[in-house]
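Enquirer: I am attaching a structure below and will ask some questions about it afterwards.
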DNA sequence: AAACATTTAATTGTCTGACAAATCGAACCG
DNA sequence: CGGTTCGATTTGTCAGACAATTAAATGTTT
């Protein structure tokens, strides 16, 4: 039985068509791996030209809702939304949201550490050897002397992703991917001294140790310390910038 | 100075062009409200036809990265990603992720309550009169007798969104929008008896009371109870279904 | 001079028709 | 039986055209 679509009557045709097909997917009238009619058939059904149909399909492809294949048995197929793809969308959306709305560092940081804290009890319960090893490896990297600030930040992100993944809940990992990754551009604006790096490494070690021991509350405390320290670092940076660009330092 | 774009050399042209422009936006080479060259100019720059450019632009429009306007001073403009739009994308992505990957109820539920728990301390600190009023209003609605299961679920979602918003952190609200809303389809499969509704209303009340009193730990406990009860409800439902479709009930 | 109406130019939205590229299946041949 | 060729189908891209929309320039009237 052919799938039927409901069209709105406002806005561009390609947007209407895309919305109609998307609704059909979300509502389950089009199921995973099902093939949509060919572009020519869709054009006929919707009574539009093929380019218009194509623009609609590209909209859906941009959201990973469909994939297209050329050739005789090709066409557009409903995509199973994979965790990986969802991660990616999550990260770009979060990054843009932060960068384009001038979200202040404290707010973003607060959100991130609040969310990570939610993972700690589960991570303490389920952390596997692989997750612990990943965390240790990143800690080791962070302690290396000649590391650039950028690499340090990247390793920081990797550490926290390992922490999140240690909770063993893919839905949780998905939701936190954006929160953790989107902070990287903001963190990259900080210059880490040898002393501040050491402090961070110590706190990371404390977190890993606590998780390995299965002590959630100790890990939460270390995480809270880390959050406070990160906010303080950013605050210092802002203060230094303000004095440099404004009046002379008070001290 | 004209913005320059880097092209990959694999995949479809429209995807390459979309990626190039998206990168330019993410990297800040194209700033908010800046106008892109006209489709004809883009076609010239990228040495492709206008339909190809248009497909690329539609991909970006689908992600709310640009908006287009017709007319003399029209064109494609870089969009400021608004929280609202980000919420929407987050919700549809999360919903699809859950529905298409057969995520079991327990996993999704665990993730949701873990994330909500992260909001509680902040909500206890900052909850405003409006948030509390919204929560009370939803509790009141949930206690009404003739309410359909669907409306009950919708009200449940509204209650939890109010809880999340009470934390007063828009970034946190954004991240949790998906987690809370995407549960609704799963919750809708549950039939709520009068007794289970009463239990949920009681727990919601306990949460609201605790937040009003600023007692985070009490609210966290009530939330944990609610999580456990929800999981138990779903488990009961599964068990009943299994007996109905399989062997006779044991009791 | 000011207010209003008209024209004009620029730009996106859509259509038509065509061809290229990829891909599968079937017919064909060794 | 295995490999090859050919044809059919479908998406990807192109070229050119016209419609719809919008803002600015222009002209007209008061």
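Just so it is clear, none of the values below were taken in a lab; they were calculated from the coordinates. Since the model is a prediction, treat every value here as computed from it, not as a measurement. With ideal geometry, Cβ positions are generated from the backbone for all residues, glycine too; neighbour counts draw on all protein chains shown.
Enquirer: Note down the Stokes-Einstein diffusion coefficient of the protein assembly as shown in µm²/s, whole number, using a Kirkwood radius over alpha carbon pairs, 4 °C, and 1.567 mPa s. Walk me through the numbers on the way to the answer.
Expert: Working: Rh = 25.1 Å.
In µm²/s, the coefficient rounds to 52.
Enquirer: Averaged across the residues of B:179-187, what count of C-beta atoms belonging to other chains lies within 10 Å of each residue's C-beta?
Expert: Working: counts 5, 0, 0, 2, 1, 0, 2, 0, 0.
That average works out to 1.
Enquirer: Of A:226, B:13, A:125, how do they rank once you tally other Cβ atoms within 10 Å and put the fewest first? Please list the in-between numbers first.
Expert: On the way: A:226 21, B:13 16, A:125 13.
Lowest count first: A:125, B:13, A:226.
Enquirer: Another question, if that's okay. Please give the average number of partner chain Cβ atoms lying within 10 Å of the Cβ of each residue in B:166-173, rounded to a whole number. Intermediate results must be reported in sequence, preceding the final value.
Expert: Details: counts 0, 3, 2, 7, 6, 18, 8, 1.
Taking all residues of B:166-173 together, the mean is 6.
Enquirer: I need the peptides A:198-207, B:23-32 ranked by packing, meaning the mean over residues of other C-beta atoms within 10 angstrom, with the highest value on top. Let's see the in-between values first.
Expert: On the way: A:198-207: 18.7, B:23-32: 15.6.
Listed from highest to lowest mean packing, they are A:198-207, B:23-32.
Enquirer: Going by average Cβ neighbours within 10 Å, how do the peptides B:51-57, B:215-221, A:141-147, A:14-20 rank, with the highest at the top?
Expert: Numbers: B:51-57: 23.0, B:215-221: 17.3, A:141-147: 13.3, A:14-20: 21.0.
Output ranking for B:51-57, B:215-221, A:141-147, A:14-20: B:51-57, A:14-20, B:215-221, A:141-147.
Enquirer: Also: May I have the pair-distance distribution P(r) for the range B:96-178, computed from all Cα-Cα distances with 5 Å bins from 0 and rounded to whole percent?
Expert: The distribution over the range B:96-178 is 3, 14, 20, 21, 20, 14, 7, 1, given as percents.
Enquirer: What percent do you get for the relative contact order of the range B:13-78 when only Cα pairs under 8 Å and 6+ apart count?
Expert: Here the relative contact order equals 42 percent.
Enquirer: Further question: Translational diffusion coefficient, Stokes-Einstein: compute it for chain A using the Kirkwood radius over C-alpha pairs as Rh, at 37 °C and 0.692 mPa s, and state it as an integer in µm² s⁻¹. Each step should come with its number before you reach the end.
Expert: Details: Rh = 21.3 Å.
Diffusion coefficient, whole number: 154 µm²/s.
Enquirer: Report the Stokes-Einstein translational diffusion coefficient (µm² s⁻¹, integer) for the range B:13-78, Rh taken as the Kirkwood radius over Cα pairs, at 25 °C with viscosity 0.890 mPa s. Let's see the in-between values first.
Expert: Values: Rh = 11.7 Å.
Calculated translational D: 210 µm²/s.
Enquirer: What's the average, rounded to a whole number, of partner chain beta-carbon atoms within 10 Å of each residue's beta-carbon in A:118-128?
Expert: On the way: counts 9, 4, 2, 2, 3, 0, 0, 0, 0, 0, 0.
Neighbouring Cβ atoms belonging to other protein chains average 2 per residue here.
Enquirer: If contacts are Cα pairs under 8 angstrom and at least 6 residues apart, what is the relative contact order of the range B:84-245 in percent?
Expert: Values: 168 pairs, mean separation 54.3, N = 162.
Once normalised by length, the contact order is 33 percent.
Enquirer: While we're looking at this one, here's another question. In which sequence would B:229, A:5 go, from the one with the fewest C-beta neighbours within 10 Å to the one with the most?
Expert: On the way: B:229 15, A:5 18.
Ordered from fewest to most neighbouring Cβ atoms within 10 Å, B:229, A:5 come out as B:229, A:5.
Enquirer: Angle check, please: helix B:105-126 long axis (alpha carbons) against the longest principal axis of chain B (alpha carbons), in degrees 0 to 90, nearest 10.
Expert: Its long axis makes an angle of about 90 degrees.
Enquirer: Pairing the Cα long axis of helix A:83-100 with the longest principal axis of chain A, what angle in degrees results, from 0 to 90 and rounded to the nearest 10?
Expert: Rounded to the nearest ten degrees, it is 70.
Enquirer: Between helix B:194-213 and chain B, what is the angle of the helix's C-alpha long axis to the longest principal axis, kept within 0 to 90° and rounded to the nearest 10?
Expert: Orientation of helix B:194-213: about 70 degrees from the principal axis.
Enquirer: Still on this structure, please answer the following. Which value at 222 nm does chain A reach when only helices count, each DSSP H run of 4 or more adding -39,500 (n - 2.57), with the total divided by all residues and rounded to the nearest 500 deg cm²/dmol?
Expert: Roughly -23000 deg cm²/dmol at 222 nm, from the helical runs in chain A.
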